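Inspection log for the structure reproduced underneath, given as structure tokens.
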Amino acid sequence: MIDTKWDRRVRRASELASSYPYSAEGLNYYARVATFQKSLYAEIQRALADSSKISSDRPLRDELDLFLLLPHFAGFLSVIQRIAPLPLAQAAESLAQKGPAGWQGAIEEFWHGESELPAIVDDAEQAQGADFLGATYPDRLLAWVFLQPYAEYLADHREIASGDGTPSTCPLCGGKPVVGVLRSEGDGAKKSLVCMLCAHEWTFRRIYCPACGEEREPQMAFYSAPEIAHVRVDVCDTCHTYLKSVDLTKTGLAVPVVDELATIPLDLWAREHGYVKLQINLLGT
């Protein structure tokens, strides 16, 4: 059986839930979300198997097949009602009652509008793991979770054009990066960023802020903790934003989008020191 990227994400979430008990609730929730996303990705793949690749000249967000997606939305909301923390489960129940017109509105608003979600600034609530985004941006979060497999499928089946420079947002869909990745290259490591929506990974400069464009080394720094040595916090002291990066040279088995979820203490440290996250993850951290 092929070990898909979804299988690796689910397995890694389960592994990290045992290693990082403070993140276990969120990781176990994510594993169940990723299991649903895997099944939706497979449905999309079956439906679009005969389609040609999207031209690199056409923006990814020009594609939105509501005829394909809407029949799966009720089942998705049912799953979220069963597995999500209470605020988000209640939001899913409320959205379910709006029917197809309400579902279409939520999907289109996220896909064509401002899909990024701002960071939660209530550190007391965040430290207790109380929000999971559910009480703050429920419909947008639900649309994000639902549309992610679709966006990933489109990115996976798109002609990739070689672009100039290293853009601060995803060159395919315009989404903000949710995590950085460090990989071995020569005597050092090269850096890339992973999109919050379509999971496309693109090369990025090591010393450069994706939020404000700062490139002066004194203004850029990174911090890590010995107990989570393979994940670090990259901060900018010009705009006071941060983004976590996963160092695959230290832990080759890491799955960046999952390891990012597990390292909540780094988020708390960053916020205590006045930094705001560039792009929150699916757990709201």
With r defined as the distance between the Cβ atoms of Gln104 and Ser78 and R0 fixed at 22 Å, what FRET efficiency is calculated, to the nearest 0.05?
0.80
Roughly how many Å² of Arg206 are accessible to a 1.4 Å probe, to the nearest 10?
100 Å²
Rank Asp50, Asp7 by accessible area, highest first, at a 1.4 Å probe radius?
Asp50, Asp7
Global form of the range 139-236, assessed from the alpha-carbon gyration tensor, a/c cut-off 1.5:
prolate
Taking the chain as a Gaussian network, where each spring joins two C-alpha atoms under 10 Å apart, which residue of Pro171, Pro226, Pro210 fluctuates the most?
Pro226
Taking H as built 1.01 Å from N, whose amide H comes closer than 5 Å to the amide H of Cys236, not counting residues under 5 places away?
Thr241
When you take every Cα atom in the range 182-285, what is the radius of gyration, and what is Dmax, the widest Cα pair distance, in Å?
13.0, 36
Using only alpha carbon pairs under 8 Å that are at least six residues apart, calculate the relative contact order of the range 152-285 and give it in whole percent.
22 percent
With each label point set 7 Å from Cα along the Cα-Cβ vector, what nm distance links Lys53 and Ala225?
4.2 nm
For the chain, with the dipole built from +1 on Lys and Arg beta-carbon atoms and -1 on Asp and Glu ones, taken about the Cα centre, which of Ile83, Cys170, Tyr223 lies farthest toward the positive end?
Ile83
Once you have the Cα-Cα distance between Arg46 and Val276, take 0.36 nm times their residue separation minus that, and quote the gain in nm to one decimal.
78.8 nm
Assign unit charges at the C-beta atoms only (+1 for Lys and Arg, -1 for Asp and Glu), then state the dipole size of the chain relative to its Cα centre in Debye, rounded to the nearest 20.
540 debye
What percent does the relative contact order of the chain come to when contacts are Cα pairs within less than 8 Å and at least six residues apart?
20 percent
In nm², the average projected area of the convex hull spanned by the Cα atoms of the chain is 15.2 nm²
What figure in square angstrom, to the nearest 10, would you give for the accessible area of Cys239 with a 1.4 Å probe?
40 Å²
Take the Cα of Gln90, step 7 Å along the line toward its Cβ, and report every residue of the range 137-158 whose backbone nitrogen sits under 19 Å from that point.
137-143
Would you list Arg58, Arg158 from the most to the least accessible area, probe 1.4 Å?
Arg58, Arg158
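The values are calculated or read from the model by the stated rules, or taken from the named source; none is laboratory data. As the structure is a prediction and not an experimental result, all values here were calculated from the model. Quick reminder, even Gly has a Cβ in these numbers, built from the backbone with ideal geometry, and neighbours come from all protein chains shown. Side chains are part of the model used for accessible areas, which takes the heavy atoms of the whole protein and leaves out ligands, DNA and RNA. Shrake-Rupley method; radii C 1.70, N 1.55, O 1.52, S 1.80 Å.
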